[in-house]
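Every number in this text was worked out from the coordinates using simple rules, so none of it is lab data. Remember, it's a predicted structure, so these values are computed and weren't measured experimentally. Positions of Cβ are generated from backbone atoms using ideal geometry, with glycine treated the same way; all protein chains shown enter the neighbour counts.
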Amino acid sequence: MTNILLINIHSSRNAGDAALLLATLQQLRQNFPGCLITLAMDDPDPDLKDVRIVESISAWVKSTSKGGWTSWRIWNLLLLPLTTLVPVLTYRLFSRPLYILTPRKLRLTIQSYLRADLIVSKPGGFLYSAGSGLVFLIIIFTLALAWMVRKPFYIFPQSFGPFDSKWEGQVLRWILNKARIVMVREPVSLELLHKTNLHHPHLVLLPDIAFTFQGAPRLVAQRWLYEHGIDPARKQPLLGLTVINWGAQNRNFKRQMEYEDAYGEAIRFFVSQLGGRAILFPQVTGPSDDSDDRVPARRIVSNLADISDSILLVESQPPPELIKTLYGQMDIFVGTRMHSNIFALSEGVPVIAIGYMHKTKGISKMLKMDEWVLDIQEINPKELKNKLATLWQDREILKTQINSLLPLLVKDANRAGILCAEDFANLREA
């Protein structure tokens, strides 16, 4: 039986993260039959089946209050090197870890590293500059632990950057060179890695694994719409949207109000000029308040009181399988959350993507949709409204384009687990 430790898992309250996790588990189980999988999660999900869950390193050094705000556990952070490196070094020197200084919760995490046959870093987009760089360093530390306990580790399709400091690129290059395979999920990140002078023999460009994620049956989505006052049989145009509270997450972003006004203008145009209905979906609802998409969505809807009958603000987040299929019921989509755009595109729905990081443009480029990406730093009401009008006119042409490119993307996205299993088999033979 192969023991696999999956690290850098954030929260199932982020539908994109949940989809990535479920798709990764599916690929690992397909390519490592009978494997035992342990998850190191920031926000443990008790509903996950057939896996063992331990607290992540990140959860050990950060806490989330009842109000949903995160803060550093300073004492845990200061003691992290001592509480982790003592068992790791004694394991390397004497083949027996010494846990005398390691608290129980953290001990379970370290034991998971030591017992694993291989370690996989979950796909996503979490290796970039944020604040002081401390979050970045903690993630690097989770990868460095895999190297220190001499376990083969694999980076599943990931976005990298942007980086504010040269040292971040140097540290990233150092740790990625220790990985067996580094998978990059879009060309912009691949170009960035080349600029850091990373010369890895197994650096692979693969699409985001969420393209392989299976949605719920279409009838389930149609029933959900009907229960929420939308009759799919009426053929009324439907606009799906996701928003982000980027101003709360990034102190350098000062245009949250303009961004929300642009969404409001686009919704008003779609309802008033096209006779449609708009649905604001919560792609992410936590774990922290600044990550909750419903906060900016409520502000947008409150400014559209005169057309509120034509707007549905979804307060209760549907399961990721259902939310993906619901996006497929939309005629067109405007999304800031990247995985909401991937969900919609993988259902053949044309998308205007609002890019708050370069990963958005990189993913859209793979479906030749990069001209439909707007920068969150420059977006304004007139631009988004005009872009939406053009998207509506061109929607049938774009659907054909998307559907012609999807099969190859899905096929390539399924290669992540295959490459990992092949390399691990060769390593065991050697």
Among (1) within 23 Å of N414 (Cα to Cα); (2) assigned to a helix (DSSP H, G or I), the one test that W167 misses: (1)
Test: A40 is under 30 Å from E315 (Cβ atoms) and surrounded by 23 or more Cβ atoms within 10 Å (Cβ to Cβ): no
Identity of the residue in region 285-331, of a type in the set (S, T, Y) and touching a strand residue (DSSP E or B) at 6+ places or on another chain (Cβ under 9 Å), that ends up farthest from R251 (Cα to Cα): S310
Every pair of residues 6+ apart whose Cβ atoms lie under 6 Å, when the first sits in region 146-161 and is touching a residue at least 12 places away in the same chain (Cβ under 8 Å) and of a type in the set (G, A, S) while the second is in a strand (DSSP E or B) and surrounded by 24 or more Cβ atoms within 10 Å (Cβ to Cβ): A146/I119; A146/F153; S159/G125
One residue from D423, D370 being in contact with a Pro (Cβ under 9 Å, 6 or more places away or on another chain), farther than 19 Å from G16 by Cα and either among the charged types (D, E, K, R) or crowded, with 17+ Cβ neighbours inside 10 Å (or both): D423
Selection count where residues are part of a loop (DSSP other than H, G, I, E, B), surrounded by fewer than 19 Cβ atoms within 10 Å (Cβ to Cβ) and of a type outside the set (A, V, I, L, M, F, W, C), scope region 197-249: 13
Scope region 380-414; condition surrounded by fewer than 18 Cβ atoms within 10 Å (Cβ to Cβ) and more than 30 Å from P237 (Cα to Cα); matching residues: K411, D412
Checklist (1) buried (at least 19 other Cβ atoms within 10 Å of the Cβ); (2) farther than 18 Å from D117 by Cα; (3) not aromatic (F, W, Y) applied to K49, failing item: (1)
Lone unmet requirement of (1) buried (at least 19 other Cβ atoms within 10 Å of the Cβ); (2) in contact with a helix residue (DSSP H, G or I) (Cβ under 7 Å, 6 or more places away or on another chain); (3) in contact (Cβ under 8 Å) with a residue 40 or more places away in the chain for V184: (3)
Complete set of residues in region 159-171 that are in contact with a helix residue (DSSP H, G or I) (Cβ under 7 Å, 6 or more places away or on another chain) and of a type outside the set (F, W, Y): S159, G161, P162, E168, V171
